[in-house]
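Each remark here refers to the structure printed beneath this line.
The values are calculated or read from the model by the stated rules, or taken from the named source; none is laboratory data. As the structure is a prediction and not an experimental result, all values here were calculated from the model. Here Cβ is always computed from backbone atoms with ideal geometry, including for glycine, and neighbour counts include all displayed protein chains. These accessible areas exclude ligands, DNA and RNA; they are computed on the full protein's heavy atoms, side chains included. Shrake-Rupley method; radii C 1.70, N 1.55, O 1.52, S 1.80 Å.
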Amino acid sequence: GQQVMQIPQYQHVQEGEDFTTYCNSSTTLSNIQWYKQRPGGHPVFLIQLVKSGEVKKQKRLTFQFGEAKKNSSLHITATQTTDVGTYFCAGTRTYKYIFGTGTRLKVLA
Amino acid sequence: DTGVSQNPRHKITKRGQNVTFRCDPISEHNRLYWYRQTLGQGPEFLTYFQNEAQLEKSRLLSDRFSAERPKGSFSTLEIQRTEQGDSAMYLCASSSSTGREDTQYFGPGTRLTVL
């Protein structure tokens, strides 16, 4: 069945450093979404990517969708303590969204 | 509208009992999803409704799990003969098919503990 892997599992950075998480699907996706989940909270939608090679930016966050539509990345520039949380990608070919295992980000002040 | 709501927020039950959870989506949203999440894992897809039609479901829903959305508004998820392995957070999300993006808005979840 379809699988979505995410690396790294954990990342600790000093405040101000950059952070990147990578998402890889075993199958070609129709779209991929990214979510952020704070400790004790529920996932919050960040963005959706649909087109091959698409790049989207939200302030310090840059999202990319691979040319083959099987991988994606989220890059945060100059992390802040408010960036703490777990970042999930979720890929789909229909309406069955498969979430990655997530990358837990810790930002040290 | 204050977003997706779920009830109860917490449920403790004994093994073998049946439990039912309710999800009230954002009122204009026609899509509704159920997920299950355990500690340290991403949400695991359970089922998807468009209006009242259940269009996609995980293999988990073929046995003790069942979900309904009878009038295309709220939804219920029932687990029969609960097992300790069912202990998890059950999340509901809704979205609109008329939106440019399929933005899923998650509820706060129902935390199930099976003793």
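Name the strands (runs of 3 or more DSSP E) wholly inside region A:1-83 in which the number of residues that are open to solvent by 60 Å² or more (accessible area, probe 1.4 Å) is 2 or more.
Fully inside region A:1-83 and qualifying: A:4-7, A:10-14, A:19-25, A:55-58.
Given the condition of a type outside the set (Phe, Trp, Tyr) and facing chain B (nearest Cβ under 10 Å), answer yes or no: does some residue in region A:12-28 qualify?
Quick first cut of region A:12-28, residues of a type outside the set (Phe, Trp, Tyr) only: A:12-18, A:20-21, A:23-28.
Okay, now just the ones that are also facing chain B (nearest Cβ under 10 Å), so none.
Checking region A:12-28: not a single residue is of a type outside the set (Phe, Trp, Tyr) and facing chain B (nearest Cβ under 10 Å).
Select from region B:25-44 the residues that are open to solvent by 10 Å² or more (accessible area, probe 1.4 Å) and without any contact (Cβ under 8 Å) to a residue 60 or more places away in the chain and write down the one among them that is farthest from A:THR86 (Cα to Cα).
Step by step, filter region B:25-44, then rank; the result is B:SER27.
Looking at region A:84-109, which of its residues are assigned to a strand (DSSP E or B) and over 17 Å from A:MET5 (Cβ atoms)?
The answer is A:GLY85, A:LEU105, A:LYS106, A:VAL107, A:LEU108.
Go through region B:93-111 and give me each residue that's facing another protein chain (nearest Cβ under 7 Å) and among the charged types (D, E, K, R).
B:GLU101, B:ASP102
Which of the residues that make up region B:1-22 are outside any strand (DSSP E or B) and either within 18 Å of A:ARG38 (Cα to Cα) or free of Cβ contacts under 8 Å to residues at least 60 places away in the same chain (or both)? Give the derivation first.
Going residue by residue through region B:1-22, those that are outside any strand (DSSP E or B) are B:1-4, B:8-9, B:14-18.
Once the filter is applied, which keeps residues that are outside any strand (DSSP E or B) and either within 18 Å of A:ARG38 (Cα to Cα) or free of Cβ contacts under 8 Å to residues at least 60 places away in the same chain (or both), region B:1-22 yields B:ASP1, B:THR2, B:GLY3, B:VAL4, B:ARG9.
Which of the residues that make up region B:45-60 are open to solvent by 10 Å² or more (accessible area, probe 1.4 Å) and either closer than 18 Å to B:VAL114 by Cβ or among the small types (Gly, Ala, Ser) (or both)?
B:ALA53, B:SER58, B:LEU60
Would you check which residues across region A:87-109 are in contact with a Ser or Thr (Cβ under 7 Å, 6 or more places away or on another chain), within 14 Å of chain B (Cβ to nearest Cβ) and either open to solvent by 60 Å² or more (accessible area, probe 1.4 Å) or polar (S, T, N, Q) (or both) and list them?
Within region A:87-109, A:THR92, A:ARG93, A:THR103, A:ARG104 meet the criteria.
List every residue pair whose Cβ atoms lie under 6 Å apart, where the two residues are 6 or more positions apart in sequence or sit on different chains, the first residue falls within region B:57-69 and is in contact (Cβ under 8 Å) with a residue 24 or more places away in the chain and farther than 13 Å from B:TYR90 by Cα, and the second residue, located anywhere, is assigned to a loop (DSSP other than H, G, I, E, B) and open to solvent by 100 Å² or more (accessible area, probe 1.4 Å).
Listed by first residue and then by second, the contacts come to B:ARG69/B:GLU52.
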